Structure formats: C-alpha cells, structure tokens
2 protein chains.
Amino acid sequence: MAHIPAAERRDALVQAALRVVAEGGVGAATTRAIAAEAGMPLASFHYVFDSRDDLMAHLVTFVVGQEEAAILPEPIVGSDLQEVISAGLWRYADLLRADPLREQAMLELTHYALRSADMADLARRQYEHYFSLAASALTSAATHLGLVWDRPVDEVARILVALTDGMTISWLVDRDDAALSDIISFAAESVARFARTPERAHRDEDDVTRTT
Amino acid sequence: MAHIPAAERRDALVQAALRVVAEGGVGAATTRAIAAEAGMPLASFHYVFDSRDDLMAHLVTFVVGQEEAAILPEPIVGSDLQEVISAGLWRYADLLRADPLREQAMLELTHYALRSADMADLARRQYEHYFSLAASALTSAATHLGLVWDRPVDEVARILVALTDGMTISWLVDRDDAALSDIISFAAESVARFARTPERAHRDEDDVTRTT
DNA sequence: TGGCGACTGGGTCATTTGACCCACTTCCTG
DNA sequence: CAGGAAGTGGGTCAAATGACCCAGTCGCCA
C-alpha cells in the first residue's frame, strides 16, 4: 500500500465505510473495521479524516450523490402517466432488491445523522435532494405526456418520496415481493390522479364524491 | 434501591432503555447508561437480563405493545371514510409530534432488530402486528360506514402502514407540519378510494380514464 | 538529482464497554 | 422466628475502541 494520494484514500475509506455499514449497521462502523475493509493501516484513517464523525459526515454526503446517480438517468417509458411512475418506482425497487443492505444502510445513516446537531442539517439536505430529484422526474414525466399537475409538484414529489421510504421499510422487514408490487401499483395510480390534461383541468376534480 | 422484585426491575430497565434510545439512539444504549437511567446498579442489569441483546429483544417487544395501546382505542369519528382515515392518521401524527424522539427510536429499533438473525423475526412480528392493527381499524371503519373494500383489506392495511412510515421519516427529517398535512390528505383520499358501497361495487371503477 | 514535504504503518494510551463475581442484606416461608 | 432463597451493589477484568504519535519511506519539483 505504497504512497497513495490522500484524496484517493478518502474515497476508498468512504466506500469501505459504506460496505461496513451495509454489512453490520452503523454500530459496526468502527475506525478499525473501516480501515481493515479498505485494506489500510489505522493511521491512514486519521491522516485523512479528523475523526470517526468526520468520516461519517462525508459518508452521508457520498451516499446522496450515489442515490442521485442511480435514479436520475431515468428514461421515460410508457404512454400513460401511471405507467411512467410505476416504471420509475420499479427501477428503484429493483435497486432495492439487488442490494437490500445498501438501502438499509442509507436509512440507518439518515437516522444516525438526525442524532447529531451538526449532521441533522446534512440529513435535511439529503431529503431536499430526494424531493427535488422526484420533483424534476415528475415534471419531466408530465411535460412528456402533455399533462399538468393539479397540486404543486413539490408537494407531489414529497408524497412520492414518502411512499418510497415506506415501501422500502416494508420490504426490508418481510421481503414480500407481492406486497411491494401492490404498493407500487397503489402509489402509481394514486399519484397519477394528481395530473390532468391542461384543457379540461379541474373539470372532474373530485368525481367520487360528486352526487348530482 | 432496596429489594425490588426482579420483574419490576425488568420493566423499569426496559422503560429506561427506551428513554435512553430515544434520547441518544441505539448506539447510546449501553448497559451502564440504561442502568443509570433506571437509577440502579449495573449488577441489577445482569441479574435480570442475560445480556444487552437480551434487553434489546425485550425492548422491541415492549414498544410493539406500547404502539398498540396508543393507537388501538380509536373511536370512529366522521361520516366519510376519508374523514375517518384522516382522523386516524392525525391521531398518529399528534403522537409523533408530541414525542418525536420516541418514534425515531422505534424506527431505529426496527433497523437494529433487522441486523441480527434472532431479532429479525422480532421485527417481522412487529410489522405483522402493525399490519393487523391497521387491517382491523380499516375493517371496522368500513363496516361502520356500510362500505366494503375493493381490495383485500390486508393489502390496504399494508399500504397504510407504508404511508405512515414514509410520512414519519419525512417529518422527522424536516419537521414540516404543512407537508405532514399534505401527506395525510393524500393518504386518506387515496386509501378511501379502495372502498365502495356494496350495491354499486365496481361500477365507477376507473372513472378517470372513462372517455365515453 | 537532492531535498523536502507528503504519506505510511507499527505501535501506544486512556476510556468505554459488556460481562460477571461475591459478600452482604432483605424478605418470605415453613 | 429461624433459615434459606431472592435480591443488591461495589468492585474487577478482558476486550474493543477512538485518538494519536513518530520514525521511516516515497515521490515530486526545483
């Protein structure tokens, strides 16, 4: 392990930390375990990071970027908004099923960040990031299909993120693929109801309760 | 601290543990911290519990019961299903806002349980509990209003739980009450759509796409 | 190409932590 | 009311952990 630039070690350590957290949870992410996972001596850790918390803060920042990279390149498929949303959620679901521990680690890191005053802001930014990601996806989907959103797109985005978190936890707990499918169907159908064609916008606003 | 029956100490320690987890997260729940919170010597801890994990397992079981006690006595209010669901979710939301750290602790405990092979089953049971809780609430609400569920009530219950988890995380991160309100409205409206009056069941199934 | 600063890695150190021991006290039962 | 079981609490121990040191090595730039 001869003379690797500090910047590279930073990255290597952060990625090793993510693997360790995924494998054994935040509690298992000791400085030694992380350094060992990265295959470098403990001293390199403290040469590059001030402390364990310093590394954890960088880790949270890192995973946000990862999430973005994995979700964003989302080609719009399907001619129906419900289909488009469903496809997007399935893309995430596949990611979740391919590497459950990684997504679990993500959630745990959010909780971890919320605990310390410094990092709480980091968690907030993490979710603002998710919201804006969802918002831009929803906007482009609607635009693509010539639709407009009934409610502010930020509001819809937030709901979509909440649905995603909920289905993630649910699936992590019991790994029930059928239930996952149900939730995705529900989410796609329910969220799609918030979009209309501009011409007849707000016409049949609430047709279920219409009694005339 | 003179001669208290072991059973009482068990309860006291479990409750102290919950306070410690709520305050500082699972990582802060050391045997010493818990014993100190309960105001008893460390030895009492090991007299009553085999190990820290033993206590944690009991803690998870305990919080499930707590959740049930807090949510179940839910009088049905409102003449509209959407209203009833909304009221139920607001009851939970008020609980969340009254003691955010407690709900955060709950989520963290779920993640913690999922990490160990023994406790993973405990987490599963915890969620099955939530599901059946939601299912019975949904069933009695529908019965009360003379409605029937379009989809299996277990499926709807699961979706409701996922929505609850999602909105919990979302609110814990940014404490945005307006957003919480939005999500509850969405959830109530969307979930209520799954119920119909038995007579005209399935009639206006998908009126949004109806073009005639 | 020589030197200096960046980087390495084997160790150390004080704390914290889970586990547990054992002599002592208290309460209940027979 | 005597005796033993149940309960108490001060103390100990080994292991793990975060932090860090420093002598030595490496590579880049003047």
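What tally of residues in the range B:77-136 results from selecting those that are aliphatic (A, V, I, L, M) and more than 24 Å from B:Gly27 (Cβ to Cβ)?
12
Residues in the range B:29-68 that are within 14 Å of DNA strand D (Cβ to nearest atom) and closer than 14 Å to B:Gln104 by Cα: none. Evaluation of B:Phe49 against the conditions (1) open to solvent by less than 20 Å² (accessible area, probe 1.4 Å); (2) at pLDDT 95 or above; (3) within 14 Å of chain A (Cβ to nearest Cβ) shows that the sole unmet condition is (3).
A residue that is in a helix (DSSP H, G or I), away from chain A (no Cβ under 12 Å) and out of contact with any Cys (no Cβ under 7 Å at 6 or more places or on another chain) occurs nowhere in the range B:107-116.
Among the residues of the range A:70-88, how many are under 11 Å from the mean Cα position of the chain (by Cα) and either open to solvent by less than 60 Å² (accessible area, probe 1.4 Å) or at pLDDT 90 or above (or both)? Total meeting the criteria: 2.
Considering only residues of the range A:37-52 that are away from DNA strand C (no atom under 11 Å from the Cβ) and touching a residue at least 12 places away in the same chain (Cβ under 8 Å), which is nearest to A:Asp118 (Cα to Cα)?
Among them, the one singled out is A:Arg52.
Quick check on the range B:149-156. Is at least one of its residues away from chain A (no Cβ under 11 Å), open to solvent by less than 60 Å² (accessible area, probe 1.4 Å) and in a helix (DSSP H, G or I)? The answer is yes, given that some residue of the range B:149-156 is away from chain A (no Cβ under 11 Å), open to solvent by less than 60 Å² (accessible area, probe 1.4 Å) and in a helix (DSSP H, G or I). The residues of the range B:9-36 that are open to solvent by 40 Å² or more (accessible area, probe 1.4 Å), within 12 Å of DNA strand C (Cβ to nearest atom) and either more than 11 Å from every other protein chain (Cβ to nearest Cβ) or of a type in the set (Asp, Glu) (or both), listed by number, are B:Thr30, B:Arg32, B:Ala36. For A:Ser140, the conditions (1) more than 8 Å from every other protein chain (Cβ to nearest Cβ); (2) open to solvent by 60 Å² or more (accessible area, probe 1.4 Å) all hold with the exception of (2).
The values are calculated or read from the model by the stated rules, or taken from the named source; none is laboratory data. If you're wondering where the values come from, they're calculated on a predicted model, not measured in any experiment. Every residue, glycine among them, receives a Cβ derived from its backbone with ideal geometry; neighbour counts consider all protein chains shown. These accessible areas exclude ligands, DNA and RNA; they are computed on the full protein's heavy atoms, side chains included. Shrake-Rupley method; radii C 1.70, N 1.55, O 1.52, S 1.80 Å.
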